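A.B. asks: Dropping a structure here in structure tokens format, bear with me for questions.
The values are calculated or read from the model by the stated rules, or taken from the named source; none is laboratory data. Keep in mind it's a predicted model, so treat the numbers as computed, not measured. So basically every Cβ, Gly included, is an ideal-geometry build from the backbone, and we count neighbours across all protein chains shown. The protein model used for the area step is the full one, side chains on, heavy atoms only, and it has no ligands, DNA or RNA in it. Shrake-Rupley method; radii C 1.70, N 1.55, O 1.52, S 1.80 Å.
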Amino acid sequence: MWERRTDAVLGIAASALLLCLMVLTFADVVARYLLNRPIRGAFEITELTLLVLIFAGLPLVSHADEHVTMDFIDRILPARLVGAWIRAMHVVCAALMFFLTWQIWIKAGRISGYGDTTDTLRLLVGPFVYFMVAMIALTGLIHLYKVFVPGERRASQATT
């Protein structure tokens, strides 16, 4: 139940951001080349929107097991060990995500403490970095969940 809601919320958010990004890019190109008046701060908004789009998509990709995978080890393992191997890889992924969460949390604190802003629009950067932290932590939780709740639906695409 929570999986569908989370997928829906993040999917809708990512879709809306992509639409906004396309509209902004189109409007900026038209304003720049036809009217000789580019949209002020469009580059910064594009950068921040891409950041949000990429990190909002990370938990979705992890939940759907849509990461690029190499299955050369899966092919040589006996069938009974493949499930354990997939769980072990989810443990490794979760550990990496939690390590990244911790490191980026430290960096976010520094950025927020300095009050870093974008150059043109003076938007605070800290909240965006904390968003990255939240999405990486959510991705780690998803991988941790997959360790304890196995199933064919969650199995690696490469091993099915």
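A.B. asks: Might you check whether a residue that is more than 14 Å from the chain's Cα centre (by Cα) and at pLDDT 85 or above occurs anywhere in the range 46-67?
C.D. replies: So the first thing to find is which residues in the range 46-67 are more than 14 Å from the chain's Cα centre (by Cα), and the list is 46-47.
Okay, now just the ones that are also at pLDDT 85 or above, so 46-47.
Checked the range 46-67: at least one residue is more than 14 Å from the chain's Cα centre (by Cα) and at pLDDT 85 or above.
A.B. asks: While we're on this one: Regarding VAL82, is this residue in a helix (DSSP H, G or I), more than 30 Å from PRO38 (Cα to Cα) and open to solvent by 50 Å² or more (accessible area, probe 1.4 Å)? Give the steps one after another, and end with the answer.
C.D. replies: Details: in a helix (DSSP H, G or I): yes; more than 30 Å from PRO38 (Cα to Cα): yes; open to solvent by 50 Å² or more (accessible area, probe 1.4 Å): no.
Criteria not met by VAL82.
A.B. asks: Another question, then. Would you confirm, using the coordinates I've provided, whether LEU100 is assigned to a helix (DSSP H, G or I) and open to solvent by 50 Å² or more (accessible area, probe 1.4 Å)?
C.D. replies: So LEU100 passes the test.
A.B. asks: Condition (residue is among the basic types (Lys, Arg) and not in a helix (DSSP H, G or I)) applied to the range 2-11: is it met by at least one residue?
C.D. replies: There is no residue in the range 2-11 that is among the basic types (Lys, Arg) and not in a helix (DSSP H, G or I).
A.B. asks: Pick from ASP74, ASP119: which is touching a residue at least 60 places away in the same chain (Cβ under 8 Å) and farther than 30 Å from ILE39 by Cα? Spell out the reasoning first.
C.D. replies: On the way: ASP119 fails: farther than 30 Å from ILE39 by Cα.
It is ASP74.
A.B. asks: For VAL68, which of the numbered conditions (1) surrounded by 15 or more Cβ atoms within 10 Å (Cβ to Cβ); (2) not in a helix (DSSP H, G or I) fails to hold?
C.D. replies: Evaluating VAL68 over (1) surrounded by 15 or more Cβ atoms within 10 Å (Cβ to Cβ); (2) not in a helix (DSSP H, G or I) leaves (1) as the failure.
A.B. asks: While we're looking at this one, here's another question. Among the candidates ILE39, ILE12, ILE54, ILE106, which residue alone is without any contact (Cβ under 8 Å) to a residue 24 or more places away in the chain and in contact with an Asp or Glu (Cβ under 6 Å, 6 or more places away or on another chain)?
C.D. replies: ILE39
A.B. asks: Within the range 104-126, can you find the residues that are open to solvent by 80 Å² or more (accessible area, probe 1.4 Å) and under 16 Å from the mean Cα position of the chain (by Cα)?
C.D. replies: The answer is TRP105, and nothing else.
A.B. asks: Okay, next question. Could you list all residues from the range 139-151 that are open to solvent by 10 Å² or more (accessible area, probe 1.4 Å) and small (Gly, Ala, Ser)?
C.D. replies: GLY151
A.B. asks: Out of ILE45, ILE54, ILE136, which single residue is in a helix (DSSP H, G or I), in contact with a Ser or Thr (Cβ under 6 Å, 6 or more places away or on another chain), among the hydrophobic types (A, V, I, L, M, F, W, C) and surrounded by 13 or more Cβ atoms within 10 Å (Cβ to Cβ)?
C.D. replies: Going through ILE45, ILE54, ILE136 in turn, just one is in a helix (DSSP H, G or I), in contact with a Ser or Thr (Cβ under 6 Å, 6 or more places away or on another chain), among the hydrophobic types (A, V, I, L, M, F, W, C) and surrounded by 13 or more Cβ atoms within 10 Å (Cβ to Cβ): ILE136.
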